[in-house]
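Worksheet: one structure, shown below.
The values are calculated or read from the model by the stated rules, or taken from the named source; none is laboratory data. Being a predicted model, the structure only gives us computed values, none of them experimental. Neighbour counts run over all protein chains shown; Cβ positions are idealised from the backbone, glycine included. Note: accessible area is taken over every heavy atom of the protein model, side chains too, but ligands, DNA and RNA are not part of it. Shrake-Rupley method; radii C 1.70, N 1.55, O 1.52, S 1.80 Å.
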Amino acid sequence: MVALYFGYMTFIDSQIGRLLTALDDLGLSENTIVIHTTDHGDMIGSHGGHFNKGPLMYEELYRVPLLIKVPDTSPRVIDDLVMTLDLMPTILELAGCDTPGGLHGRSLAATLDEEIGTEPEPRDSVFAEYHGEEWGLVSLRMVRTKTAKYVYSPHGEDELYDLARDPFEKHNLADVAEAQELAHSLRSLVLRWMQQTSDPLAEWAARELP
């Protein structure tokens with residue numbers, strides 16, 4: 001299964017190459033923005049043999065690829081924390097369109113092209129939500145920083161991972177006494193996000209998350 005998955009990734013990579021070559025051949029490269037991403041990853045056997053997606057918030061599912069090719073920019077790796085919510089305002093700005101107010105994402109245009117304007121301060125945290133019925137009715141909320149992740153599970157066990165020391169998320173620190181300062185700070189972040197986005201779980205979470 002893992003071999004097939006990586007084979008598929010190789011196939012996708014080759015198809016992106018074909019697309020970029022076709023744009024060059026047609027003279028469209030200088031007037032085309034190319035974006036490649038995905039809605040989720042796949043467990044492919046990790047964390048005890050899980051496959052598919054679902055009510056889990058491990059990196060295998062939520063750290064997805066994001067490739068953006070903007071004309072007249074040099075290839076580089078940007079290590080900022082971003083969300084898929086950022087794509088819509090990014091596309092609108094790059095296309096020269098007005099961006100509506102009240103969005104929870106923000107444009108990455110200035111980060112991609114320094115000539116557009118002052119590059120914004122990188123985020124110190126990003127958030128994700130799961131509203132699903134796979135394996136039963138499950139709701140999850142997650143906050144991730146560069147070095148840590150907290151998963152709020154109103155119907156189950158919360159999770160806390162020190163990604164700097166435990167990048168493969170093997171040791172849940174949510175109930176570890178020495179990690180409670182970190183847990184408290186991340187719980188505060190995820191609760192604030194839920195309140196800012198009018199999350200239907202926010203009122204319940206405010207009673208659960210100190």
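Exposed loop trypsin sites (Lys or Arg not before Pro) only (DSSP loop, at most 14 other Cβ atoms within 10 Å): please give the longest stretch of the chain free of them, not including the sites.
On the way: sites that count: R63, R76, K146, R165, K170.
Longest stretch, sites excluded: 77-145.
Explain nothing, just compute: Karplus ³J(HN,Hα) = 6.51 cos²θ - 1.76 cosθ + 1.60, θ = phi - 60°, for every residue of segment 75-86 in order, whole Hz, x for Gly and Pro.
Coupling constants for segment 75-86: x, 7, 9, 10, 9, 7, 7, 9, 10, 5, 4, 6 Hz.
Given only helices, namely DSSP H runs of n ≥ 4 each adding -39500 (n - 2.57), what is the per-residue ellipticity at 222 nm of the chain, to the nearest 500 deg cm²/dmol?
Taken over the chain, the calculation gives -9500 deg cm²/dmol.
If you average 1/r across every pair of different Cα atoms in segment 29-157 and take the reciprocal, what Kirkwood value do you get, in Å?
So the Kirkwood estimate lands at 16.7 Å.
Once the Cα gyration tensor of segment 123-164 is diagonalised, what are the square roots of 5 times its eigenvalues, in whole Å and ordered largest first, as equivalent ellipsoid semi-axes?
The answer is 22, 11, 7 Å, longest axis first.
Under a Cβ-only charge scheme (Lys and Arg +1, Asp and Glu -1), can you give me the dipole magnitude of segment 73-210 about the Cα centre, in debye to the nearest 20?
140 debye
Residue by residue through segment 164-177, what is 3J(HN,Hα) from phi via Karplus (6.51 cos²θ - 1.76 cosθ + 1.60, θ = phi - 60°)? Round to whole Hz and write x for glycine and proline.
Karplus-based 3J(HN,Hα) across segment 164-177 equals 5, 9, 9, x, 9, 6, 9, 10, 6, 9, 4, 10, 7, 4 Hz.
Scaled to the compact-protein estimate 2.2 N^0.38 Å, what is the alpha-carbon radius of gyration of segment 1-88, rounded to two decimal places? Walk me through the numbers on the way to the answer.
Numbers: Rg = 15.7 Å, N = 88, 2.2 N^0.38 = 12.1 Å.
Computed over Cα atoms of segment 1-88, the ratio equals 1.31.
Averaged per residue, what accessible area in Å² does the chain show with a 1.4 Å probe, protein chains only? Let's see the in-between values first.
Values: 13040 Å² over 210 residues.
Per-residue value: 62 Å².
Sorted by accessible area with a 1.4 angstrom probe, largest first, how do H36, H155 fall?
H155, H36
Considering the chain as a Gaussian network with a 10 Å cut-off on Cα pairs, which listed residue, A174, A128, A110, attains the greatest mean-square fluctuation?
Comparing A174, A128, A110 in the GNM, the peak value goes to A110.
Roughly speaking, what is the centre-to-centre gap between segment 1-78 and segment 126-195 when only Cα atoms are used, to the nearest Å?
25 Å
Along the charge dipole of segment 1-129, which of G54, G41, C97 sits closest to the positive end, that is, farthest toward it, with unit charges on the beta carbon of Lys, Arg, Asp and Glu (+1, +1, -1, -1)?
The Cα lying farthest towards the positive end belongs to G54.
What are the principal axis extents of the Cα atoms in segment 105-210, in Å, biggest first?
47, 33, 27
Of the GluC sites (Glu not before Pro) in segment 61-129, which ones lie in a loop per DSSP and count no more than 14 other C-beta atoms within 10 Å?
Here the sparse-neighbourhood loop sites are E114, E115.
Mind listing the phi-derived Karplus ³J(HN,Hα) values for segment 36-48, rounded to whole Hz, using 6.51, -1.76 and 1.60 with θ = phi - 60°, and x for any glycine or proline?
3J(HN,Hα) across segment 36-48, in whole Hz: 10, 8, 8, 7, 6, x, 8, 6, 5, x, 7, 6, x.
Helix by helix, which DSSP H runs in the chain go 20 Å or more along their axis at the Cα atoms and have an average Kyte-Doolittle hydropathy of -0.5 or more? Let's see the in-between values first.
Numbers: long enough: 2-25 (35 Å, 0.64); 180-196 (24 Å, -0.33).
Passing helices, by number: 2-25, 180-196.
Placing unit charges on C-beta atoms (Lys and Arg positive, Asp and Glu negative, everything else neutral), compute the dipole magnitude of segment 68-115 about its Cα centre in debye, rounded to 20.
Here segment 68-115 has a charge dipole of around 180 debye.
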